[in-house]
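The values are calculated or read from the model by the stated rules, or taken from the named source; none is laboratory data. Remember, predicted model here, so these are calculated numbers, not experimental data. Here the Cβ positions follow ideal geometry from the backbone for every residue, glycine too, while neighbour counts run over all protein chains shown. Keep in mind that these areas ignore ligands, DNA and RNA; they rest on the heavy atoms of the full protein, side chains included. Shrake-Rupley method; radii C 1.70, N 1.55, O 1.52, S 1.80 Å.
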Amino acid sequence: MATAFRQEAAGLERLRVLQGLCSGDVRDKSAPYALLFVAGMDGRRNQLSHMVLRYLFEDVALQDLRDASIPYELEFLEEAMVLVTRRGVALFHDGTGEGVGEFAARRKLWAELDEYRLTDHQRDDIDDGEVAKIRAFRAMVHELVPAGARLGVTPADGMELSDVEFWPIVQSYAAEDYGGTGFLSQRYPLEDARELLVGVFHSWDALSLEHALADGAQRLAHNLEATKAIVDSGAKGGAGSKRSLLTEADIAEALAIHHEFGVMQAHADNLALPEPAALLAPQPRAPVVLVGQRTGLLVAGGEQAPSAEASIQRHHLHEPTHGRAADYAKHLVLEASEPCTGLKKCVTWFTAAAGAARRPPALGDEVAEDAALNARGLEYKPEEKGEGDEKEREVEADPQTAVLLAAHAALGEAFDACAA
């Protein structure tokens, strides 16, 4: 769960993302001038409008927004409407329940907010409340959106753009009793904003990353612990095999089981969710385990599937020279992903312990002087002069020596820092 500070920061960040989708110029036809989101019955329970309102007011990760249902504690959003422009935002709500606190927090956060709410009398009288809602809708649209500007809306999947005119609140726009002189689309050309919003919901923000790290990292840690137990026990299926004989496929077995279970769970969750299907997460890659020299395949772009032949004992990219015994892999690399969140983790495990660290030997005075110069890519070399003349040292560039001496100096400094 995010902290109060993070929730406030996310509330402002997410509003800015939606404002960035708006053009800010009536003449710009590449993007809508404004975005309209209507939840509840007033928008015929429009799914993307529900998702956007949760996006703005709920502590929820983007990857969880595919569930279009509004939680019980956020039912106040059923009566909410939001209109977003490049430099402004308008909000209508009935002013009751837990929404009062949430909207008050946004009022402090969104400096450009125009807020419309029902009075106590309007909430008690249903007819007066409906009239006030209609007038608030007309006012927020007229004040923020110039005539002729493109208005972004979110028709339901399989519906035409013109079907938005059947939303009850949009129908009321044309009612003569409330000053209507025509349909909403006659004053504001409607534009389908679904593709823009799908792009937002496929992205990452700070709040979503915080959720993914908390949930996905815990599941990945459990999966890696199960794999580590197999490597440490040095056995496969109770057969008592030595650890050095375990193949990449053996080590990847536990990761693969957890991965397949996660894929099935994510798939089942997706099937239970309503459209749009475009919001389904991409299929994550299967686990990767590589030992010894084969870890170079991660950057070489070669085959990365765990091998049933390559083991810690037999880990070369090519067969060892004839007559020379194969040494053991000193490390292995594991890469796993968490299908539900898309989080990926890559770790390196060492299969053997090294000796105690020792400080690099000190250099002599003359060598130390050369080291200081070579750290700058220079080296002194003597040059013979005429008889009786003093020998002078000439400076020449020697990059290889510079790198070695600089590395020696860095090791010494690191050892001293750790010892301190």
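Just name the residue that is modelled with the highest pLDDT out of those in segment 278-297 that are within 20 Å of residue 334 (Cβ to Cβ) and open to solvent by 50 Å² or more (accessible area, probe 1.4 Å).
293
Does residue 249 count as at pLDDT 80 or above and either open to solvent by 40 Å² or more (accessible area, probe 1.4 Å) or farther than 22 Å from residue 343 by Cβ (or both)?
In short, yes.
More than 33 Å from the chain's Cα centre (by Cα), more than 22 Å from residue 206 (Cα to Cα) and free of Cβ contacts under 8 Å to residues at least 60 places away in the same chain - does that describe any residue in segment 83-94?
Within segment 83-94, one or more residues are more than 33 Å from the chain's Cα centre (by Cα), more than 22 Å from residue 206 (Cα to Cα) and free of Cβ contacts under 8 Å to residues at least 60 places away in the same chain.
Does residue 174 count as of a type in the set (Gly, Ala, Ser), open to solvent by 20 Å² or more (accessible area, probe 1.4 Å), in contact with a Leu (Cβ under 9 Å, 6 or more places away or on another chain) and touching a residue at least 40 places away in the same chain (Cβ under 8 Å)?
no
Within segment 73-161, which strands (runs of 3 or more DSSP E) (wholly inside it) include 2 or more residues that are closer than 14 Å to residue 42 by Cβ and either open to solvent by less than 40 Å² (accessible area, probe 1.4 Å) or out of contact with any strand residue (DSSP E or B) (no Cβ under 8 Å at 6 or more places or on another chain) (or both)?
Qualifying strands (runs of 3 or more DSSP E): 81-85, 89-93.
In segment 181-202, is there at least one residue being buried (at least 18 other Cβ atoms within 10 Å of the Cβ), among the hydroxyl-bearing types (Ser, Thr, Tyr) and not in a loop (DSSP other than H, G, I, E, B)?
no
Residue 171 versus (1) touching a helix residue (DSSP H, G or I) at 6+ places or on another chain (Cβ under 8 Å); (2) at pLDDT below 90; (3) closer than 23 Å to residue 27 by Cβ: which is the lone unmet condition?
(3)
Contact list please: Cβ distance under 6 Å, first residue in segment 218-242 and over 21 Å from residue 348 (Cβ atoms), second residue open to solvent by less than 30 Å² (accessible area, probe 1.4 Å) and at pLDDT 70 or above, pairs at least six apart or on different chains.
Every condition considered, the pairs that remain are 236/250.
Mind checking which pairs have a first residue in segment 147-161 that is over 15 Å from residue 24 (Cβ atoms) and a second that is buried (at least 19 other Cβ atoms within 10 Å of the Cβ) and of a type in the set (Ser, Thr, Tyr), Cβ under 7 Å, 6 or more apart or different chains?
Listed pairs, sorted by first residue: 154/49.
Does residue 222 satisfy the condition of being modelled with pLDDT of 75 or more and exposed (fewer than 13 other Cβ atoms within 10 Å of the Cβ)?
yes
Kindly indicate which of 234, 302 is surrounded by fewer than 18 Cβ atoms within 10 Å (Cβ to Cβ), touching a helix residue (DSSP H, G or I) at 6+ places or on another chain (Cβ under 8 Å), over 30 Å from residue 51 (Cα atoms) and modelled with pLDDT under 75.
Just a single option satisfies the conditions, and that option is 234.
Pairs, please: C-beta under 7 Å, at least 6 apart or cross-chain, first residue within 8 Å of residue 62 (Cβ to Cβ) and in segment 195-207, second among the charged types (D, E, K, R) and modelled with pLDDT of 80 or more?
Here the result reads 205/13; 205/14, each pair linking segment 195-207 to a residue that is among the charged types (D, E, K, R) and modelled with pLDDT of 80 or more.
With the requirement that a residue be open to solvent by 50 Å² or more (accessible area, probe 1.4 Å), under 36 Å from the mean Cα position of the chain (by Cα) and within 17 Å of residue 80 (Cα to Cα), what does segment 162-171 give you?
Across segment 162-171, there are no qualifying residues.
With respect to residue 275, is the statement that it is open to solvent by 80 Å² or more (accessible area, probe 1.4 Å), of a type in the set (D, E, K, R) and at pLDDT below 60 true?
yes
May I ask you to list the residues in segment 162-172 that are in contact with an Asp or Glu (Cβ under 9 Å, 6 or more places away or on another chain) and either polar (S, T, N, Q) or assigned to a helix (DSSP H, G or I) (or both)?
If the condition is that a residue be in contact with an Asp or Glu (Cβ under 9 Å, 6 or more places away or on another chain) and either polar (S, T, N, Q) or assigned to a helix (DSSP H, G or I) (or both), then 168, 169, 170, 171, 172 are the ones that fit.
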